[in-house]
Amino acid sequence: MNWEPWTGCYPASAGCDNCYFYGPNAKRFGQNTITKTDKFDWPIRRNKKGEYNIKGDKILATCFATDFFLPEADEWRSEVWAMVKERQDIDFLILTKRIDRFMMGLPEDWGEGYDNVNIGCTVENQELADVRLPLFLSYPIKRRFIAVSPLLERIDLTNYLHGVDHVTVSGENGRDTRICDYEWVLDIKEQCERAGKTFWFKSTGTYFKRGNEVEKINPFKQGSLAKELDINISDGKRLF
Ligand code: SF4
């Protein structure tokens, strides 16, 4: 399940150039206006019987279509943290390309982190990995994963894998997007294998290179093809 407490975003780094939601179209459609959605308080809404509308034991993918740490959302984040704390029975999966803003507005009782928060730091190339991941590992977070999305070049994550539970990799999706080379994907998978970390190849992206061939993959098949390649490393636990 996805929860988008706000909508709107704008590019933060190289991986945003063709952002599905807010890349080249943002100006045209005014999508970069950041506003609360009507689902802002969704996790704590109750029905007439007084029960939560969202039952427990769920994973809520939070801000997957915007960014949790946008400066424009600073004033709302404390309310969101309070909802996250109230719903200890839900795992909140939070992805960000703005990990440098992680400490902005953390709750006073955050300590080493809430048990039900799993933060995903996105990196797209080696330069961003080397800037973001040391920061990411320095913050008080109990559960961490790296989301390589979109994968734009060969990346060495070896120095950072000790501090994370899991890595996901995706190619870029959309028209005129950049190539995802299967060799780069396999390289990250091998790094995870050596470090004893779980790994998920989530999507091939639109232009997927294997050997010397670049294939254009239909958006509806990018996830299933990645799965068919059968290179995931699982420990049996559900992450998404
Ligand atoms: S941070 Fe994410 S949602 Fe925002 S523009 Fe970049 S890719 Fe799009």
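The values are calculated or read from the model by the stated rules, or taken from the named source; none is laboratory data. Small disclaimer: the values here were computed from a predicted structure and weren't measured. Neighbour counts are summed over all protein chains in view; Cβ atoms, including those assigned to glycine, are modelled from backbone coordinates with ideal geometry. Ligands, DNA and RNA are excluded from the accessible area calculation, which covers all protein heavy atoms including side chains. Shrake-Rupley method; radii C 1.70, N 1.55, O 1.52, S 1.80 Å.
Charge dipole (Cα centre; +1 on Lys/Arg Cβ, -1 on Asp/Glu Cβ; no other charges) of the chain amounts to roughly 760 debye. Give me the net charge of Gly56's neighbourhood, meaning all other residues with Cβ under 12 Å from the Cβ of Gly56; Lys, Arg count +1, Asp, Glu -1. Every neighbour counted, the sum reads -2. Cross-link partners for Lys49 among the lysines, with Cα-Cα distance under 28 Å and sequence neighbours closer than 8 places in the same chain left out: Lys36, Lys39, Lys58, Lys85.
Above 21 angstrom, tally the Cα pairs of the chain and express them as a % of all pairs, no decimals.
On the way: 16729 of 28680 pairs.
So the pairs more than 21 Å apart make up 58 percent of the total in the chain.
Considering Cα pairs under 8 angstrom that are at least six residues apart, work out the relative contact order of the chain and quote it in whole percent. Mind dumping the intermediate values first?
On the way: 470 pairs, mean separation 31.5, N = 240.
It comes to 13 percent, rounded to a whole number.
Helix 126-138 axis versus longest C-alpha principal axis of the chain: approximately 40°, rounded to the nearest ten. Among the trypsin sites (Lys or Arg not before Pro) within the range 168-212, those in coil by DSSP and having at most 13 neighbouring Cβ atoms inside 10 Å are Arg175.
In this structure, the amide hydrogen of Asn232, modeled 1.01 Å from its nitrogen in the peptide plane, lies closer than 5 angstrom to those of Phe201, counting only residues at least 5 positions away or on a different chain.
Using Cα atoms only, what is the angle between the long axis of helix 182-195 and the major principal axis of the chain, expressed in degrees (0 to 90) to the nearest 10? Between the helix axis and the principal axis of the chain, the angle is about 60 degrees.
Rolling a 1.4 Å probe over the protein heavy atoms gives the range 74-219 an accessible area of 44 Å² per residue.
Among Asp57, Asp130, Asp115, the residue with the largest mean-square fluctuation in a Gaussian network model of the chain, with springs joining Cα atoms closer than 10 Å, is Asp57.
When the accessible area of the chain is split by element with a 1.4 Å probe, what percent falls to carbon and sulfur? List each step's numbers first, then the result.
Values: 5900 of 12080 Å².
Looking at the chain in its full context, I get 49 percent from C and S.
Simple rule: put +1 on each Lys or Arg Cβ and -1 on each Asp or Glu Cβ in the chain, find the dipole, and look at Pro140, Cys63, Trp42; the Cα lying farthest toward the positive end is Trp42.
Net charge within 11 Å of Val185 by Cβ-Cβ distance, Lys/Arg positive one each and Asp/Glu negative one each, not counting Val185 itself? Mind dumping the intermediate values first?
Working: positive: Arg154, Lys189, Lys202, Lys209, Arg210; negative: Asp181, Glu183, Asp187, Glu190.
Here the charged neighbours net out to +1.
A simple rule links phi to the HN-Hα coupling: the Karplus curve 6.51 cos²θ - 1.76 cosθ + 1.60 with θ = phi - 60°, which for the range 70-76 gives 4, x, 5, 9, 4, 5, 9 Hz, with x for Gly and Pro.
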